[in-house]
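See below for the structure under consideration.
The values are calculated or read from the model by the stated rules, or taken from the named source; none is laboratory data. As the structure is a computational prediction, the values presented were derived from the model and not from experiment. Here the Cβ positions follow ideal geometry from the backbone for every residue, glycine too, while neighbour counts run over all protein chains shown. Accessible surface areas use protein heavy atoms only, side chains included; no ligands, DNA or RNA. Shrake-Rupley method; radii C 1.70, N 1.55, O 1.52, S 1.80 Å.
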Amino acid sequence: MKRLLCLLLLLLPPPSNADDIIAIKLPECEARLERRKVEPNLALVRSDCPLSLPSLALLLEQGLPDLFPDKTAEIRSIYLGRLMNYPDWSRLLAETAAKSPLWDAKRGRPRKRGEHDNRSVTTLLNEPAYPMALLPAFARYGLKPCIASVEKVLVFKVKELESAQQRVATSIPADARLPFDAQIWLSLHPLADSCGGR
(Lines give C-alpha, C1' and ligand atoms only; values in the text may rest on other atoms or scores of the structure.)
Protein backbone atom coordinates (compact mmCIF):
# COMPACT_ATOMS: atom_id res chain seq x y z
CA MET A 1 0.00 0.00 0.00
CA LYS A 2 2.81 2.40 0.90
CA ARG A 3 4.56 1.63 -2.40
CA LEU A 4 1.34 2.30 -4.34
CA LEU A 5 0.88 5.66 -2.59
CA CYS A 6 4.48 6.66 -3.44
CA LEU A 7 3.93 5.66 -7.07
CA LEU A 8 0.73 7.73 -7.26
CA LEU A 9 2.48 10.75 -5.76
CA LEU A 10 5.24 10.46 -8.38
CA LEU A 11 2.65 10.51 -11.16
CA LEU A 12 1.11 13.79 -10.01
CA PRO A 13 2.31 16.91 -11.82
CA PRO A 14 4.72 19.04 -9.80
CA PRO A 15 3.11 21.97 -8.02
CA SER A 16 3.39 25.30 -9.78
CA ASN A 17 5.85 27.78 -8.30
CA ALA A 18 4.13 30.63 -10.11
CA ASP A 19 3.22 33.85 -8.34
CA ASP A 20 0.83 34.95 -11.10
CA ILE A 21 -1.41 32.51 -12.98
CA ILE A 22 -3.83 33.45 -15.75
CA ALA A 23 -6.13 30.57 -16.76
CA ILE A 24 -8.02 30.67 -20.07
CA LYS A 25 -10.63 28.16 -21.24
CA LEU A 26 -9.69 27.10 -24.76
CA PRO A 27 -11.54 24.79 -27.19
CA GLU A 28 -9.28 21.86 -26.24
CA CYS A 29 -8.98 22.43 -22.47
CA GLU A 30 -8.01 25.06 -19.92
CA ALA A 31 -4.47 26.41 -20.30
CA ARG A 32 -2.45 28.83 -18.20
CA LEU A 33 0.13 31.57 -18.47
CA GLU A 34 2.37 31.72 -15.41
CA ARG A 35 4.98 34.11 -14.08
CA ARG A 36 7.23 34.11 -11.02
CA LYS A 37 8.36 37.25 -9.26
CA VAL A 38 11.98 36.03 -9.31
CA GLU A 39 11.82 36.02 -13.15
CA PRO A 40 9.37 38.83 -13.96
CA ASN A 41 10.37 39.00 -17.64
CA LEU A 42 9.59 35.33 -18.26
CA ALA A 43 6.16 33.78 -18.85
CA LEU A 44 5.45 30.06 -19.06
CA VAL A 45 2.67 28.31 -20.96
CA ARG A 46 1.07 25.36 -19.18
CA SER A 47 -1.59 23.07 -20.57
CA ASP A 48 -2.96 19.65 -19.72
CA CYS A 49 -3.74 18.82 -23.33
CA PRO A 50 -2.31 19.40 -26.83
CA LEU A 51 -3.19 22.82 -28.27
CA SER A 52 -3.61 24.04 -31.83
CA LEU A 53 -1.64 27.11 -32.89
CA PRO A 54 -4.87 29.17 -32.98
CA SER A 55 -5.58 28.13 -29.37
CA LEU A 56 -2.03 29.00 -28.29
CA ALA A 57 -2.48 32.38 -29.99
CA LEU A 58 -5.80 32.87 -28.16
CA LEU A 59 -4.17 32.03 -24.82
CA LEU A 60 -1.46 34.61 -25.47
CA GLU A 61 -3.85 37.28 -26.80
CA GLN A 62 -6.19 36.97 -23.81
CA GLY A 63 -3.65 36.13 -21.11
CA LEU A 64 -0.78 38.53 -21.74
CA PRO A 65 -2.79 41.72 -21.01
CA ASP A 66 -3.77 40.29 -17.62
CA LEU A 67 -0.28 39.05 -16.86
CA PHE A 68 1.28 42.35 -17.98
CA PRO A 69 -1.51 44.92 -17.43
CA ASP A 70 0.66 48.01 -17.95
CA LYS A 71 1.03 47.16 -21.67
CA THR A 72 4.75 47.58 -21.21
CA ALA A 73 7.41 45.50 -22.88
CA GLU A 74 8.61 43.99 -19.61
CA ILE A 75 8.06 40.50 -20.97
CA ARG A 76 11.17 39.25 -22.76
CA SER A 77 10.80 35.48 -23.03
CA ILE A 78 8.09 32.79 -23.07
CA TYR A 79 8.65 29.12 -22.43
CA LEU A 80 6.19 27.11 -24.53
CA GLY A 81 7.21 23.62 -23.43
CA ARG A 82 7.32 20.73 -25.87
CA LEU A 83 6.61 21.26 -29.55
CA MET A 84 4.59 18.03 -29.65
CA ASN A 85 2.10 19.75 -27.34
CA TYR A 86 1.20 21.79 -30.46
CA PRO A 87 0.54 18.97 -32.99
CA ASP A 88 -0.11 21.16 -36.04
CA TRP A 89 3.14 23.07 -35.43
CA SER A 90 5.05 19.83 -34.85
CA ARG A 91 3.67 18.46 -38.11
CA LEU A 92 4.60 21.71 -39.91
CA LEU A 93 8.18 21.41 -38.65
CA ALA A 94 8.44 17.80 -39.83
CA GLU A 95 6.99 18.56 -43.27
CA THR A 96 9.25 21.59 -43.63
CA ALA A 97 12.35 19.59 -42.61
CA ALA A 98 11.45 16.90 -45.17
CA LYS A 99 11.71 19.48 -47.98
CA SER A 100 14.53 21.60 -46.56
CA PRO A 101 18.13 21.55 -47.78
CA LEU A 102 19.10 22.06 -44.11
CA TRP A 103 17.85 18.62 -43.02
CA ASP A 104 19.00 15.14 -44.09
CA ALA A 105 15.78 13.12 -43.80
CA LYS A 106 17.57 9.87 -44.56
CA ARG A 107 20.00 10.21 -41.64
CA GLY A 108 17.77 12.27 -39.35
CA ARG A 109 20.17 15.12 -38.74
CA PRO A 110 21.32 18.44 -40.22
CA ARG A 111 22.99 18.22 -43.63
CA LYS A 112 25.77 20.60 -42.63
CA ARG A 113 28.53 18.59 -41.07
CA GLY A 114 29.06 19.38 -37.40
CA GLU A 115 25.88 21.44 -37.03
CA HIS A 116 23.77 20.63 -34.00
CA ASP A 117 20.10 19.59 -34.30
CA ASN A 118 19.08 22.49 -32.04
CA ARG A 119 20.51 25.09 -34.42
CA SER A 120 18.92 23.60 -37.54
CA VAL A 121 15.51 23.22 -35.90
CA THR A 122 15.67 26.79 -34.55
CA THR A 123 16.37 28.00 -38.09
CA LEU A 124 13.47 25.98 -39.53
CA LEU A 125 11.07 27.25 -36.85
CA ASN A 126 12.10 30.87 -37.42
CA GLU A 127 11.80 30.73 -41.18
CA PRO A 128 9.70 28.22 -43.19
CA ALA A 129 7.93 26.69 -40.14
CA TYR A 130 7.35 30.02 -38.38
CA PRO A 131 4.09 30.19 -36.35
CA MET A 132 2.44 33.19 -38.04
CA ALA A 133 -0.68 32.74 -35.89
CA LEU A 134 1.24 34.08 -32.88
CA LEU A 135 2.09 37.50 -34.37
CA PRO A 136 -1.15 39.35 -33.43
CA ALA A 137 -0.81 38.48 -29.72
CA PHE A 138 2.35 40.59 -29.50
CA ALA A 139 1.48 43.42 -31.91
CA ARG A 140 -0.11 45.53 -29.13
CA TYR A 141 3.30 45.54 -27.44
CA GLY A 142 5.14 46.43 -30.65
CA LEU A 143 6.91 43.09 -30.42
CA LYS A 144 7.46 40.04 -32.57
CA PRO A 145 8.01 36.52 -31.18
CA CYS A 146 11.07 34.67 -32.42
CA ILE A 147 12.18 31.18 -31.55
CA ALA A 148 15.12 32.01 -29.29
CA SER A 149 16.33 28.48 -28.94
CA VAL A 150 15.25 24.89 -28.83
CA GLU A 151 16.59 22.07 -26.71
CA LYS A 152 16.28 18.30 -26.72
CA VAL A 153 15.27 17.83 -30.35
CA LEU A 154 13.59 14.46 -30.89
CA VAL A 155 13.74 12.82 -34.31
CA PHE A 156 11.38 10.02 -35.37
CA LYS A 157 10.74 8.01 -38.48
CA VAL A 158 7.44 9.08 -40.01
CA LYS A 159 6.10 5.52 -39.71
CA GLU A 160 6.73 5.59 -35.93
CA LEU A 161 4.14 8.32 -35.51
CA GLU A 162 0.80 6.77 -36.32
CA SER A 163 -1.71 9.01 -34.53
CA ALA A 164 -3.88 11.30 -36.60
CA GLN A 165 -2.49 14.32 -34.72
CA GLN A 166 1.06 13.51 -35.77
CA ARG A 167 0.51 12.11 -39.26
CA VAL A 168 2.36 14.05 -41.92
CA ALA A 169 1.78 14.44 -45.63
CA THR A 170 1.53 11.11 -47.46
CA SER A 171 4.11 12.31 -49.99
CA ILE A 172 6.82 12.02 -47.30
CA PRO A 173 8.49 8.57 -47.20
CA ALA A 174 7.61 6.44 -44.16
CA ASP A 175 11.32 5.96 -43.39
CA ALA A 176 12.11 9.69 -43.39
CA ARG A 177 13.71 10.69 -40.07
CA LEU A 178 12.36 14.11 -39.15
CA PRO A 179 12.35 16.42 -36.13
CA PHE A 180 8.95 16.35 -34.42
CA ASP A 181 9.67 17.59 -30.93
CA ALA A 182 11.88 19.95 -28.90
CA GLN A 183 11.66 22.27 -25.92
CA ILE A 184 10.71 25.72 -27.30
CA TRP A 185 11.55 29.22 -26.02
CA LEU A 186 10.27 32.43 -27.57
CA SER A 187 12.16 35.69 -27.28
CA LEU A 188 10.46 38.97 -28.07
CA HIS A 189 11.98 41.53 -30.45
CA PRO A 190 10.92 44.82 -32.07
CA LEU A 191 8.53 44.26 -34.99
CA ALA A 192 11.12 45.33 -37.56
CA ASP A 193 13.62 42.66 -36.49
CA SER A 194 14.12 39.46 -38.46
CA CYS A 195 13.82 36.11 -36.72
CA GLY A 196 16.40 34.47 -38.96
CA GLY A 197 18.03 31.52 -37.22
CA ARG A 198 21.42 31.96 -38.86
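If only residues of region 87-105 that are touching a residue at least 60 places away in the same chain (Cβ under 8 Å) and small (Gly, Ala, Ser) are counted, the one that is most open to solvent (accessible area, probe 1.4 Å) is 98.
State whether one or more residues within region 62-74 are buried (at least 19 other Cβ atoms within 10 Å of the Cβ) and among the β-branched types (Val, Ile, Thr). Scanning region 62-74 turns up no residue that is buried (at least 19 other Cβ atoms within 10 Å of the Cβ) and among the β-branched types (Val, Ile, Thr). Considering 144, 37, the condition of being closer than 18 Å to residue 196 by Cβ and among the basic types (Lys, Arg) is satisfied by 144 alone.
Taken over region 107-125, the residue count meeting the criterion of being in contact (Cβ under 8 Å) with a residue 24 or more places away in the chain and part of a strand (DSSP E or B) is 1. Of all residues in region 126-159, those that are open to solvent by less than 30 Å² (accessible area, probe 1.4 Å), touching a residue at least 40 places away in the same chain (Cβ under 8 Å) and not in a loop (DSSP other than H, G, I, E, B) total 10.
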